[in-house]
1. For region 147-154, take each phi angle, set θ = phi - 60°, evaluate the Karplus expression 6.51 cos²θ - 1.76 cosθ + 1.60, and give the result in whole Hz per residue in order, putting x for glycine and proline.
2. In nm, give the distance between the simple-model label positions of residue 81 and residue 223, each being 7 Å from the Cα along the Cα-to-Cβ direction.
3. Run the numbers for residue 135 and residue 171: contour at 0.36 nm per residue of separation, minus the present Cα-Cα distance, in nm.
4. Can you run phi through the Karplus equation (6.51, -1.76, 1.60; θ = phi - 60°) for region 237-251 and list ³J(HN,Hα) in whole Hz, with x for Gly and Pro?
5. Report the rotationally averaged projected area of region 20-168 based on its alpha-carbon convex hull, in square nanometres.
6. Can you tell me the alpha carbon radius of gyration of the chain divided by the globular rule-of-thumb value 2.2 N^0.38 Å?
7. Mind checking the dipole of the chain: about its Cα centre, +1 per Lys or Arg Cβ, -1 per Asp or Glu Cβ, Debye to the nearest 20?
8. Sorted by packing (mean other beta-carbon atoms within 10 Å per residue), highest first, where do 181-194, 24-37 land?
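Values quoted throughout were computed directly from the atomic coordinates according to the rules given, and no laboratory measurement underlies them. Worth saying up front: this structure is predicted, and the values here are computed from it rather than measured. Positions of Cβ are backbone-derived with ideal geometry, glycine not excepted, and every protein chain shown enters the neighbour counts.
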Amino acid sequence: LTLERDLRRALQDDPTQLVLYYQPQLDADTGRCIGCEALVRWRHPLRGLMLPGEFISLAERSGLIVELGRWVLAEACAEQARWAAAGLLLPVSVNLSPVQLERSDLTPYVRGLVQRYQIAPGMLELELTEGALMSEDARHLEVFNALMQLGCRFALDDFGTGYSSLSRLKRFPISRLKIDQAFVSTLPGSGDDEAVVRATLSMARDMGMDVVAEGVETDGQHHCLLAMGCTQMQGYRFARPMPAAELYHFVARLP
Ligand code: G
Ligand code: G
Ligand code: MN
Ligand code: NA
């Protein structure tokens with residue numbers, strides 16, 4: 001309860017306690033940075049730097065995720081505009097909680113950001129987990145479509161760990177699948193997980209989607225993924241999540 005009160009205070013009175021880190025996503029074929037994922041951190045005045053695992057579920061339970069999610073979206077768009085002003089055009093992915101989709105004001109909020117920061121189509125990707133696609137509520141599909149009209153793209157996070165059927169996947173305008181770290185960590189060597197990666201790649205190709213592998217930590221994983229034809233990667237093998245200024249320099253050093 002104290003933590004909830006602290007988070008409410010941070011959001012209302014002192015949003016400088018919140019900070020976005022960015023983890024680059026690379027195309028391992030070209031070595032280029034193709035985007036980054038925004039990951040929130042909370043500089044708690046007493047507890048120090050807190051990771052989302054320590055406060056996102058609390059934010060979801062208490063409803064504070066709506067306010068927090070808005071802050072994250074706004075900050076990610078503002079940062080992207082700062083990078084653009086410095087000559088760096090880089091797509092940013094933002095994690096969306098299913099709770100945020102329930103709110104009828106999500107679309108107008110994002111529309112406001114896209115206009116204010118001149119976000120070009122395809123430069124803002126929203127990451128959802130399979131749970132967000134499970135709802136039978138037709139309004140959800142309307143929200144997806146409205147956001148897509150604004151130029152947002154969608155990625156399915158933690159792919160492979162949920163239960164979404166292919167027919168359901170097809171109904172949503174998803175442009176990218178993020179293969180969960182669980183299937184990457186056992187590579188090379190796990191025949192089962194290689195099969196999951198191959199099946200995902202083949203399905204994504206048929207459905208016109210991109211695939212990014214998450215949690216790539218080792219050379220062995222990197223090369224195994226490349227050999228299977230998965231070129232988009234994110235993970236400690238390349239870079240950890242880092243503050244915005246560091247990300248700018250990280251990308252500037254790449255070919
Ligand atoms: O940054 P870290 O690797 O600790 O992130 C852990 C989890 O927290 C990830 O599953 C990620 O999706 C989630 N997360 C990080 N930032 C956000 C955010 O801004 N909003 C939501 N809803 N989840 C986030
Ligand atoms: O949104 P999602 O659940 O996918 O968040 C990604 C999480 O994975 C973040 O907490 C991020 O810090 C973490 N992460 C990113 N790359 C790696 C990696 O190579 N290894 C491990 N163990 N975690 C990673
Ligand atoms: Mn994510
Ligand atoms: Na993930």
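1. Computed from phi, the couplings for region 147-154 are 5, 5, 4, 6, x, 6, 10, 10 Hz.
2. Modelled inter-label distance: 4.6 nm.
3. Numbers: separation 36, 0.36 × 36 = 12.96 nm, distance 1.21 nm.
So the chain would gain 11.7 nm between residue 135 and residue 171.
4. Those phi angles translate into 3, 9, 5, 7, x, 9, x, 4, 5, 5, 4, 4, 6, 4, 5 Hz.
5. Details: hull surface 42.1 nm².
For region 20-168, the mean projected area of the Cα convex hull comes to 10.5 nm².
6. Numbers: Rg = 18.0 Å, N = 255, 2.2 N^0.38 = 18.1 Å.
After normalising by residue count via 2.2 N^0.38 Å, the value is 1.00.
7. Values: 25 positive and 32 negative charges, 123 e Å.
In debye, rounded to 20, the chain gives about 600.
8. Final packing ranking: 24-37, 181-194.
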